[in-house]
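First comes the structure, then the notes that go with it.
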Amino acid sequence: MSQKKITIIGGSGGMGKVFGRYFKQHGFDVTIYARNKERLKDVATEMGVNYEFSLEKSVKKADIVMVTIPIKSTPEMIKKIGPYLKENALIFDITSIKKAVFEALEDLKNTFPVNCISLHPMFGPGIKDMKNYVMLVLKIGGTNKYEIIINDLLELFRSDGLIITETSPDIHDKRVALTLGVPHMLNILFLNLLKNADEPLNELTKYTGTTFLLQKVFAESIIQREMEMFGEIQMENQQFHAILEMFEKLVKNYRKSIENKDLKGFSEIFSEGLDYSKEDNHFKNSYKYFYEFMKILKGK
Ligand SMILES: NC(=O)c1ccc[n+]([C@@H]2O[C@H](COP(=O)([O-])OP(=O)(O)OC[C@H]3O[C@@H](n4cnc5c(N)ncnc54)[C@H](OP(=O)(O)O)[C@@H]3O)[C@@H](O)[C@H]2O)c1
(Lines give C-alpha, C1' and ligand atoms only; values in the text may rest on other atoms or scores of the structure.)
Protein backbone atom coordinates (compact mmCIF):
# COMPACT_ATOMS: atom_id res chain seq x y z
CA MET A 1 0.00 0.00 0.00
CA SER A 2 3.02 2.33 0.17
CA GLN A 3 3.20 5.57 -1.83
CA LYS A 4 -0.57 5.69 -2.19
CA LYS A 5 -2.22 9.08 -2.01
CA ILE A 6 -4.79 9.45 0.74
CA THR A 7 -6.94 12.53 1.36
CA ILE A 8 -8.53 12.96 4.76
CA ILE A 9 -11.62 15.19 4.78
CA GLY A 10 -11.82 16.50 8.34
CA GLY A 11 -8.08 15.90 8.69
CA SER A 12 -7.65 18.73 11.21
CA GLY A 13 -10.06 17.09 13.71
CA GLY A 14 -9.38 14.64 16.54
CA MET A 15 -9.78 11.43 14.55
CA GLY A 16 -8.43 13.01 11.36
CA LYS A 17 -5.15 13.64 13.15
CA VAL A 18 -4.98 10.08 14.52
CA PHE A 19 -5.39 8.61 11.03
CA GLY A 20 -3.25 11.29 9.34
CA ARG A 21 -0.32 10.28 11.55
CA TYR A 22 -1.12 6.61 11.09
CA PHE A 23 -1.13 6.72 7.29
CA LYS A 24 1.94 8.94 7.18
CA GLN A 25 3.85 6.47 9.37
CA HIS A 26 2.86 3.74 6.92
CA GLY A 27 4.35 5.56 3.94
CA PHE A 28 1.21 7.13 2.45
CA ASP A 29 1.25 10.53 0.79
CA VAL A 30 -1.26 12.26 3.08
CA THR A 31 -3.31 15.37 2.23
CA ILE A 32 -5.78 16.89 4.66
CA TYR A 33 -8.83 19.04 3.94
CA ALA A 34 -11.16 20.98 6.29
CA ARG A 35 -13.00 24.31 6.16
CA ASN A 36 -11.05 26.38 8.67
CA LYS A 37 -7.96 27.21 6.60
CA GLU A 38 -5.77 28.50 9.40
CA ARG A 39 -6.30 25.43 11.56
CA LEU A 40 -5.85 23.17 8.53
CA LYS A 41 -2.50 24.74 7.72
CA ASP A 42 -1.33 24.58 11.35
CA VAL A 43 -2.27 20.92 11.72
CA ALA A 44 -0.69 19.97 8.38
CA THR A 45 2.53 21.74 9.34
CA GLU A 46 2.56 20.11 12.77
CA MET A 47 2.05 16.64 11.28
CA GLY A 48 4.28 17.14 8.23
CA VAL A 49 1.53 16.34 5.71
CA ASN A 50 0.04 18.22 2.71
CA TYR A 51 -3.07 20.35 2.90
CA GLU A 52 -5.51 21.47 0.24
CA PHE A 53 -8.04 24.34 0.44
CA SER A 54 -10.10 23.08 -2.51
CA LEU A 55 -12.27 20.05 -1.78
CA GLU A 56 -12.38 19.11 -5.45
CA LYS A 57 -8.59 19.23 -5.90
CA SER A 58 -7.99 17.31 -2.68
CA VAL A 59 -10.25 14.46 -3.79
CA LYS A 60 -9.34 14.31 -7.49
CA LYS A 61 -5.79 13.13 -6.92
CA ALA A 62 -6.52 10.61 -4.16
CA ASP A 63 -6.38 6.81 -4.37
CA ILE A 64 -8.13 6.70 -0.99
CA VAL A 65 -10.51 9.25 0.51
CA MET A 66 -11.32 9.11 4.20
CA VAL A 67 -14.24 11.18 5.51
CA THR A 68 -13.99 12.01 9.20
CA ILE A 69 -16.39 14.88 9.84
CA PRO A 70 -19.47 15.10 12.12
CA ILE A 71 -22.05 12.32 11.62
CA LYS A 72 -24.83 14.60 10.33
CA SER A 73 -22.67 16.13 7.56
CA THR A 74 -21.14 12.87 6.31
CA PRO A 75 -23.86 11.61 3.88
CA GLU A 76 -23.99 15.02 2.19
CA MET A 77 -20.19 15.11 1.88
CA ILE A 78 -20.15 11.63 0.32
CA LYS A 79 -22.70 12.79 -2.26
CA LYS A 80 -20.77 15.97 -2.96
CA ILE A 81 -17.39 14.35 -3.66
CA GLY A 82 -18.78 11.58 -5.90
CA PRO A 83 -18.14 13.37 -9.23
CA TYR A 84 -14.54 14.25 -8.22
CA LEU A 85 -13.40 10.74 -7.29
CA LYS A 86 -10.79 8.92 -9.39
CA GLU A 87 -11.82 5.67 -11.05
CA ASN A 88 -11.26 2.75 -8.66
CA ALA A 89 -10.68 5.10 -5.72
CA LEU A 90 -11.48 3.70 -2.27
CA ILE A 91 -13.69 5.84 -0.08
CA PHE A 92 -14.51 5.25 3.56
CA ASP A 93 -16.01 7.08 6.54
CA ILE A 94 -15.56 6.39 10.25
CA THR A 95 -18.86 7.73 11.63
CA SER A 96 -20.32 6.34 14.83
CA ILE A 97 -23.80 5.79 13.27
CA LYS A 98 -24.16 3.87 10.02
CA LYS A 99 -27.69 3.81 8.53
CA ALA A 100 -27.61 7.08 6.56
CA VAL A 101 -23.91 6.83 5.69
CA PHE A 102 -24.30 3.26 4.42
CA GLU A 103 -27.13 4.37 2.12
CA ALA A 104 -25.06 7.30 0.83
CA LEU A 105 -22.11 5.00 0.09
CA GLU A 106 -24.38 2.48 -1.64
CA ASP A 107 -25.73 5.27 -3.88
CA LEU A 108 -22.18 6.38 -4.57
CA LYS A 109 -20.90 2.97 -5.69
CA ASN A 110 -24.02 2.52 -7.84
CA THR A 111 -23.37 5.85 -9.58
CA PHE A 112 -19.57 5.96 -9.93
CA PRO A 113 -16.82 3.34 -10.57
CA VAL A 114 -15.43 3.57 -7.02
CA ASN A 115 -15.05 1.29 -4.01
CA CYS A 116 -16.85 1.90 -0.73
CA ILE A 117 -16.40 0.64 2.80
CA SER A 118 -17.61 2.04 6.08
CA LEU A 119 -15.49 1.78 9.22
CA HIS A 120 -16.04 2.52 12.88
CA PRO A 121 -12.93 2.54 15.04
CA MET A 122 -13.80 1.64 18.62
CA PHE A 123 -11.40 4.20 20.06
CA GLY A 124 -11.08 7.94 20.35
CA PRO A 125 -8.46 10.60 19.58
CA GLY A 126 -6.50 9.72 22.76
CA ILE A 127 -5.33 6.37 21.31
CA LYS A 128 -1.57 5.77 21.30
CA ASP A 129 -1.35 2.19 20.02
CA MET A 130 -4.16 0.52 18.04
CA LYS A 131 -3.14 -3.02 19.06
CA ASN A 132 -6.11 -5.09 20.29
CA TYR A 133 -8.64 -2.32 19.63
CA VAL A 134 -11.66 -3.14 17.47
CA MET A 135 -12.41 -1.74 14.02
CA LEU A 136 -16.00 -2.40 12.93
CA VAL A 137 -16.26 -2.89 9.17
CA LEU A 138 -19.26 -2.65 6.84
CA LYS A 139 -18.55 -3.83 3.31
CA ILE A 140 -20.50 -1.99 0.61
CA GLY A 141 -18.98 -2.90 -2.76
CA GLY A 142 -17.67 -1.28 -5.92
CA THR A 143 -15.65 -2.22 -8.96
CA ASN A 144 -14.19 -5.60 -9.99
CA LYS A 145 -11.08 -4.67 -7.99
CA TYR A 146 -13.14 -4.26 -4.79
CA GLU A 147 -11.87 -7.22 -2.76
CA ILE A 148 -8.20 -6.55 -3.57
CA ILE A 149 -8.49 -2.84 -2.76
CA ILE A 150 -10.34 -3.17 0.54
CA ASN A 151 -8.24 -6.14 1.68
CA ASP A 152 -5.08 -4.06 1.27
CA LEU A 153 -6.47 -1.59 3.76
CA LEU A 154 -7.88 -4.19 6.15
CA GLU A 155 -4.61 -6.16 6.09
CA LEU A 156 -2.74 -3.00 7.00
CA PHE A 157 -4.99 -2.52 10.04
CA ARG A 158 -4.68 -6.21 10.97
CA SER A 159 -0.90 -6.03 10.75
CA ASP A 160 -1.03 -3.37 13.49
CA GLY A 161 -3.05 -5.63 15.76
CA LEU A 162 -6.47 -4.12 15.10
CA ILE A 163 -9.32 -6.59 15.48
CA ILE A 164 -11.52 -6.40 12.39
CA THR A 165 -15.18 -7.20 13.04
CA GLU A 166 -17.60 -7.26 10.12
CA THR A 167 -21.15 -6.03 10.69
CA SER A 168 -24.26 -4.60 9.01
CA PRO A 169 -25.88 -1.14 9.48
CA ASP A 170 -28.84 -2.38 11.56
CA ILE A 171 -26.81 -4.52 13.91
CA HIS A 172 -24.14 -1.83 14.15
CA ASP A 173 -26.57 0.95 15.06
CA LYS A 174 -28.48 -1.12 17.61
CA ARG A 175 -25.33 -2.34 19.34
CA VAL A 176 -23.68 1.06 19.29
CA ALA A 177 -26.85 2.57 20.78
CA LEU A 178 -26.32 0.16 23.67
CA THR A 179 -22.54 0.30 23.99
CA LEU A 180 -22.01 4.04 23.43
CA GLY A 181 -25.38 5.84 23.69
CA VAL A 182 -26.55 4.13 26.86
CA PRO A 183 -23.40 4.50 29.00
CA HIS A 184 -23.05 8.12 27.82
CA MET A 185 -26.67 8.85 28.74
CA LEU A 186 -26.50 7.15 32.17
CA ASN A 187 -23.36 9.01 33.11
CA ILE A 188 -24.58 12.40 31.88
CA LEU A 189 -27.79 11.84 33.85
CA PHE A 190 -25.85 10.62 36.90
CA LEU A 191 -23.97 13.94 37.17
CA ASN A 192 -27.13 15.94 36.46
CA LEU A 193 -29.03 14.06 39.13
CA LEU A 194 -26.36 14.89 41.71
CA LYS A 195 -26.39 18.51 40.57
CA ASN A 196 -30.19 18.70 40.90
CA ALA A 197 -29.93 17.30 44.43
CA ASP A 198 -27.83 20.39 45.19
CA GLU A 199 -24.88 18.73 46.90
CA PRO A 200 -21.27 19.74 46.01
CA LEU A 201 -19.42 16.80 44.47
CA ASN A 202 -16.39 17.19 46.73
CA GLU A 203 -18.63 16.96 49.79
CA LEU A 204 -20.38 13.87 48.45
CA THR A 205 -17.03 12.24 47.79
CA LYS A 206 -16.27 12.43 51.52
CA TYR A 207 -19.20 10.06 52.07
CA THR A 208 -18.02 7.28 49.78
CA GLY A 209 -15.97 4.13 50.07
CA THR A 210 -16.00 2.47 46.72
CA THR A 211 -19.04 2.38 44.41
CA PHE A 212 -19.69 6.10 44.19
CA LEU A 213 -16.00 6.92 43.70
CA LEU A 214 -15.61 4.64 40.71
CA GLN A 215 -18.92 5.72 39.19
CA LYS A 216 -18.02 9.39 39.67
CA VAL A 217 -14.61 9.08 38.00
CA PHE A 218 -16.15 7.21 35.09
CA ALA A 219 -18.84 9.87 34.65
CA GLU A 220 -16.27 12.66 34.92
CA SER A 221 -14.18 11.08 32.19
CA ILE A 222 -17.21 10.96 29.89
CA ILE A 223 -18.45 14.49 30.55
CA GLN A 224 -15.09 15.92 29.43
CA ARG A 225 -15.37 14.37 25.95
CA GLU A 226 -16.76 15.73 22.65
CA MET A 227 -20.24 17.07 23.50
CA GLU A 228 -21.37 17.53 19.90
CA MET A 229 -20.45 14.00 18.87
CA PHE A 230 -22.00 12.49 21.99
CA GLY A 231 -25.24 14.32 21.18
CA GLU A 232 -25.16 13.08 17.57
CA ILE A 233 -24.54 9.48 18.67
CA GLN A 234 -27.88 9.58 20.50
CA MET A 235 -29.93 11.96 18.32
CA GLU A 236 -29.00 10.60 14.89
CA ASN A 237 -29.53 6.94 15.80
CA GLN A 238 -33.19 5.90 15.50
CA GLN A 239 -32.39 2.74 17.40
CA PHE A 240 -31.29 4.82 20.38
CA HIS A 241 -34.70 6.54 20.37
CA ALA A 242 -36.35 3.13 20.78
CA ILE A 243 -34.00 2.28 23.65
CA LEU A 244 -34.83 5.58 25.33
CA GLU A 245 -38.48 4.60 25.31
CA MET A 246 -37.61 1.23 26.83
CA PHE A 247 -35.59 3.03 29.48
CA GLU A 248 -38.49 5.31 30.44
CA LYS A 249 -40.73 2.28 30.96
CA LEU A 250 -38.08 0.58 33.04
CA VAL A 251 -37.65 3.64 35.28
CA LYS A 252 -41.41 3.89 35.76
CA ASN A 253 -41.56 0.25 36.76
CA TYR A 254 -38.61 0.64 39.06
CA ARG A 255 -40.15 3.67 40.72
CA LYS A 256 -43.37 1.76 41.31
CA SER A 257 -41.57 -1.07 43.06
CA ILE A 258 -39.67 1.39 45.29
CA GLU A 259 -42.68 3.56 46.18
CA ASN A 260 -44.85 0.51 46.89
CA LYS A 261 -42.08 -1.12 48.93
CA ASP A 262 -42.57 -4.07 46.59
CA LEU A 263 -39.52 -6.21 47.36
CA LYS A 264 -40.77 -8.96 45.05
CA GLY A 265 -40.98 -6.53 42.11
CA PHE A 266 -37.57 -5.11 43.00
CA SER A 267 -36.09 -8.60 43.23
CA GLU A 268 -37.46 -9.44 39.78
CA ILE A 269 -35.75 -6.42 38.22
CA PHE A 270 -32.55 -7.17 40.13
CA SER A 271 -32.53 -10.87 39.16
CA GLU A 272 -33.17 -10.11 35.51
CA GLY A 273 -30.02 -7.97 35.46
CA LEU A 274 -28.05 -10.62 37.36
CA ASP A 275 -29.13 -13.49 35.10
CA TYR A 276 -28.39 -11.45 31.99
CA SER A 277 -24.84 -10.62 33.08
CA LYS A 278 -23.94 -14.11 34.39
CA GLU A 279 -23.09 -15.34 30.90
CA ASP A 280 -20.68 -12.48 30.26
CA ASN A 281 -16.93 -13.21 30.10
CA HIS A 282 -16.06 -10.54 32.66
CA PHE A 283 -18.75 -11.51 35.14
CA LYS A 284 -16.74 -13.85 37.37
CA ASN A 285 -13.91 -11.41 37.94
CA SER A 286 -15.86 -8.17 37.97
CA TYR A 287 -15.74 -7.69 41.72
CA LYS A 288 -11.96 -8.31 41.63
CA TYR A 289 -11.51 -5.78 38.80
CA PHE A 290 -13.53 -3.30 40.78
CA TYR A 291 -11.00 -3.44 43.64
CA GLU A 292 -8.10 -3.21 41.18
CA PHE A 293 -9.53 0.08 39.86
CA MET A 294 -10.06 1.16 43.43
CA LYS A 295 -6.35 0.68 44.20
CA ILE A 296 -5.56 3.32 41.56
CA LEU A 297 -8.17 5.73 42.87
CA LYS A 298 -7.06 5.30 46.47
CA GLY A 299 -3.45 5.86 45.38
CA LYS A 300 -2.10 2.49 46.50
N1 LIG B 1 -13.98 11.22 18.64
C2 LIG B 1 -14.17 9.92 18.78
O3 LIG B 1 -14.00 9.34 19.86
C4 LIG B 1 -14.63 9.11 17.59
C5 LIG B 1 -14.49 7.71 17.63
C6 LIG B 1 -14.92 6.96 16.52
C7 LIG B 1 -15.49 7.60 15.43
N8 LIG B 1 -15.61 8.97 15.43
C9 LIG B 1 -16.20 9.63 14.27
O10 LIG B 1 -15.19 10.42 13.67
C11 LIG B 1 -15.78 11.56 13.03
C12 LIG B 1 -15.01 12.80 13.43
O13 LIG B 1 -15.01 12.94 14.82
P14 LIG B 1 -13.93 13.86 15.57
O15 LIG B 1 -14.10 13.60 17.02
O16 LIG B 1 -12.58 13.70 14.97
O17 LIG B 1 -14.51 15.31 15.21
P18 LIG B 1 -13.78 16.74 15.29
O19 LIG B 1 -12.57 16.68 16.18
O20 LIG B 1 -14.85 17.73 15.59
O21 LIG B 1 -13.24 16.99 13.80
C22 LIG B 1 -14.10 17.22 12.76
C23 LIG B 1 -13.29 17.61 11.53
O24 LIG B 1 -14.18 17.76 10.42
C25 LIG B 1 -14.06 19.09 9.87
N26 LIG B 1 -15.41 19.43 9.44
C27 LIG B 1 -16.50 19.60 10.19
N28 LIG B 1 -17.58 19.81 9.43
C29 LIG B 1 -17.16 19.76 8.14
C30 LIG B 1 -17.79 19.90 6.89
N31 LIG B 1 -19.10 20.14 6.80
N32 LIG B 1 -17.04 19.82 5.76
C33 LIG B 1 -15.71 19.58 5.84
N34 LIG B 1 -15.05 19.42 7.01
C35 LIG B 1 -15.77 19.50 8.14
C36 LIG B 1 -13.50 19.93 11.00
O37 LIG B 1 -12.79 21.06 10.56
P38 LIG B 1 -13.53 22.42 10.07
O39 LIG B 1 -14.59 22.70 11.12
O40 LIG B 1 -12.42 23.40 9.98
O41 LIG B 1 -14.13 22.10 8.74
C42 LIG B 1 -12.53 18.92 11.64
O43 LIG B 1 -11.35 18.83 10.87
C44 LIG B 1 -17.26 11.58 13.42
O45 LIG B 1 -18.01 11.08 12.37
C46 LIG B 1 -17.32 10.61 14.60
O47 LIG B 1 -18.57 9.95 14.70
C48 LIG B 1 -15.19 9.73 16.47
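Listed here are the residues, each with its yes/no results for (1) more than 20 Å from residue 183 (Cβ to Cβ); (2) surrounded by 10 or more Cβ atoms within 10 Å (Cβ to Cβ); (3) at pLDDT below 95.
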position	(1), (2), (3)
225	no, yes, yes
235	no, yes, no
240	no, yes, no
267	yes, yes, no
291	yes, yes, yes
294	no, yes, yes
300	yes, no, yes
Open item on the list: Just the residues that are out of contact with any helix residue (DSSP H, G or I) (no Cβ under 7 Å at 6 or more places or on another chain), surrounded by 20 or more Cβ atoms within 10 Å (Cβ to Cβ) and either among the small types (Gly, Ala, Ser) or farther than 15 Å from residue 103 by Cα (or both), please, taken from region 167-182.
Closed with: 176
Open item on the list: Restricting to region 1-40, and then to whatever is basic (Lys, Arg) and in contact with a Phe, Trp or Tyr (Cβ under 9 Å, 6 or more places away or on another chain), can you tell me which residue is farthest from residue 84 (Cα to Cα)?
Closed with: 37
- [ ] Could you please let me know if residue 24 is touching a helix residue (DSSP H, G or I) at 6+ places or on another chain (Cβ under 8 Å), within 19 Å of residue 149 (Cα to Cα) and among the basic types (Lys, Arg)?
- [x] yes
Task: Lone qualifier among 17, 37, 5 - being surrounded by 14 or more Cβ atoms within 10 Å (Cβ to Cβ), touching a residue at least 12 places away in the same chain (Cβ under 8 Å), near the ligand (Cβ under 9 Å from one of its atoms) and of a type in the set (Lys, Arg) - done: 17
Open item on the list: Quick check on this structure: which one of 28, 19, 53 is among the aromatic types (Phe, Trp, Tyr), assigned by TED's automatic domain parsing to the domain that holds residue 126 and over 25 Å from the mean Cα position of the chain (by Cα)?
Closed with: 53
Task: helices (runs of 4 or more DSSP H) completely within region 125-216 that count 2 or more residues being within 16 Å of the ligand (Cβ to nearest atom) - done: 169-176, 182-196
TODO: Please state which of the following conditions residue 47 fails to meet, knowing it meets all the rest: (1) touching a helix residue (DSSP H, G or I) at 6+ places or on another chain (Cβ under 6 Å); (2) within 12 Å of the ligand (Cβ to nearest atom).
DONE: (2)
Open item on the list: Within region 52-64, does at least one residue satisfy the condition of being at pLDDT below 95 and either within 15 Å of the ligand (Cβ to nearest atom) or surrounded by fewer than 21 Cβ atoms within 10 Å (Cβ to Cβ) (or both)?
Closed with: yes
Task: Yes/no for residue 230 being surrounded by 14 or more Cβ atoms within 10 Å (Cβ to Cβ), within 16 Å of the ligand (Cβ to nearest atom) and within 13 Å of the chain's Cα centre (by Cα) - done: yes
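The values are calculated or read from the model by the stated rules, or taken from the named source; none is laboratory data. All of these numbers come straight from a predicted model, not from anything done at the bench. Positions of Cβ are backbone-derived with ideal geometry, glycine not excepted, and every protein chain shown enters the neighbour counts.
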